């Protein structure tokens, strides 16, 4: 069964991805369908999501051949992918005459950077876009409604959802009332779409659909950005583990948070951070406002009247530059800071952080830390486009 947007006439121009599901009876093994997929695609890559599937390139198309169970009702699912054929049947019956509205909405979402439910993006899936058109009636009505969206909005086409959900947008799956179709949508992407919708209605422009591509930054442009911002980029670069993006990116975000917290805990101040992958590499970029600190630092202890706690505090700080003295009723010492540069701190402590199973192994095997203009050493075009996007970050408002 051909499923997805190709099956319902709502695929975007230039999208050459096909999803073909191979169904077996619920009492049988998916291995038989996987074997058929391998025969159909002699040159393939076996991938794994909830279970194994085949990815291949055939006649100019990227094709996913996905085994599933042929269940008679969406309430009898044996795996998450089993509901996809029901999505295709449901939307195909109801979307007739509204295909162009879906295409407009998808391209608008793509243009403003919120299209894609993969965890790398955290945006709107194609199926969610279709359901929004079915809910509101047209592309323009989706934008009018979205322009005043607030977190916690709940939409239920069939009026059959009873489950409670905590995500910013709840779209009850019309074929599975327990599921929120918008579960992968982040708050930021939801509101990014709302702001873009409001801006488009106030001043429609073709650039909302087809923004001019950002060219990769040259060495001179990167240097100019750093000089004008007077910040310090710190980049951690390492071999990306061989896992699918929906496994890799949550771990990258977890590691980004752990490293950011380490920097802030130790007195360094971060402006912003982001993660990216290029070729077989992964990077975490931290733009620092404070990246170098004095040798002396202040340690504030307990109130001076708590004798036992004061004794323990002084024992833990035996060789201060100054102190102990009393400030604001508390015992204070000034002592030598262990790490005065953010780079040194990361070099010493990154391996001890909570980085995610696959990332921790990759980083421990080897990583590079680039500071300031050292990032010029990465000449990859995709990375240079990522830098352009990072330095010019803005919500599409016109």
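Once the principal axes of the Cα atoms of the chain are found, what is the range along each, listed largest first in whole angstroms?
Taking the Cα atoms of the chain, the three principal extents are 77, 53, 48 Å.
Please determine, in degrees from 0 to 90 and to the nearest 10, the orientation of helix 307-316 with respect to the longest principal axis defined by the Cα atoms of the chain, where the helix direction is its Cα long axis.
80 degrees
Based only on the alpha carbon positions, what is the Kirkwood hydrodynamic radius of the range 95-212, in angstrom?
Details: mean 1/r = 0.0703 Å⁻¹.
Here the Kirkwood hydrodynamic radius works out to 14.2 Å.
If I model a spin label at residue 279 and residue 1 as a point 7 Å from the Cα along the Cα→Cβ vector, what separation in nanometres do I get?
The answer from the label model is 4.3 nm.
Suppose a student asked you for the relative contact order of the range 161-235, using Cα pairs under 8 Å spaced at least 6 residues apart; what percent would you report?
On the way: 38 pairs, mean separation 13.3, N = 75.
Worked out over the range 161-235, it gives 18 percent.
Name the residue, out of 58, 284, 232, whose mean-square fluctuation peaks in a Gaussian network model built on the chain with Cα pairs under 10 Å.
Answer for the Gaussian network model of the chain: 58.
Subtract the Cα-Cα distance of residue 357 and residue 206 from 0.36 nm times their separation in residues, and report this length gain in nm to one decimal.
Working: separation 151, 0.36 × 151 = 54.36 nm, distance 4.35 nm.
Stretched out fully, the residue 357 to residue 206 stretch lengthens by 50.0 nm.
What is the chain's relative contact order, in percent, from Cα pairs under 8 angstrom and six or more apart in sequence?
Values: 651 pairs, mean separation 54.7, N = 398.
Computed value for the chain: 14 percent relative contact order.
Based on other C-beta atoms within 10 Å, arrange 89, 326 from fewest to most. Don't skip to the answer; put the middle values down first.
Numbers: 89 16, 326 12.
Ranked by crowding around the Cβ, least crowded first: 326, 89.
If neighbour count is taken as other Cβ atoms inside 10 Å, put 160, 317 in order from fewest to most. Could the numbers behind the result be given before it?
Values: 160 13, 317 16.
Exposure proxy ranking, most exposed first: 160, 317.
Take every Cα pair under 8 Å in the range 1-93 that's 6+ residues apart, average their separations, divide by the length, and report that relative contact order as a whole percent.
Working: 142 pairs, mean separation 29.1, N = 93.
Relative contact order of the range 1-93: 31 percent.
Taking the beta-carbon count within 10 Å as an exposure proxy, list 209, 21 from fewest neighbours to most. Mind showing how you got there, number by number?
Details: 209 16, 21 23.
Ordered by Cβ neighbours within 10 Å, fewest first: 209, 21.
Apply 1/(1 + (r/R0)^6) to the Cβ-Cβ distance of residue 271 and residue 55, taking R0 = 30 Å, and write down the FRET efficiency to the nearest 0.05. Walk me through the numbers before you get to the answer.
Values: r = 38 Å, r/R0 = 1.28.
Once the sixth-power term is evaluated, E becomes 0.20.
Using 0.36 nm times the number of residues separating residue 28 and residue 73, minus their current alpha carbon distance, what extension gain do you get? Mind showing how you got there, number by number?
Values: separation 45, 0.36 × 45 = 16.20 nm, distance 1.69 nm.
Full-extension gain reported as 14.5 nm.
Please give the calculated 222 nm ellipticity per residue for the chain, where each DSSP H segment of at least 4 residues contributes -39500 (n - 2.57) and the sum is spread over every residue; nearest 500 deg cm²/dmol?
Values: 13 runs with 143 residues, N = 398.
Helices in the chain give a 222 nm mean residue ellipticity of -11000 deg cm²/dmol.
Just to be sure I understand: of the beta bridges DSSP finds with both ends in the range 1-93, what percent are antiparallel, rounded to 5? Walk me through the numbers on the way to the answer.
Values: 12 of 20 bridges.
In the range 1-93, approximately 60 percent of DSSP beta bridges are antiparallel ones.
Coordinate-derived values only; no laboratory data. Just so you know, these numbers come straight off a predicted model, no measurement behind them. In this analysis, Cβ positions are derived from the backbone assuming ideal geometry, glycine residues included, and neighbour counts consider all displayed protein chains.
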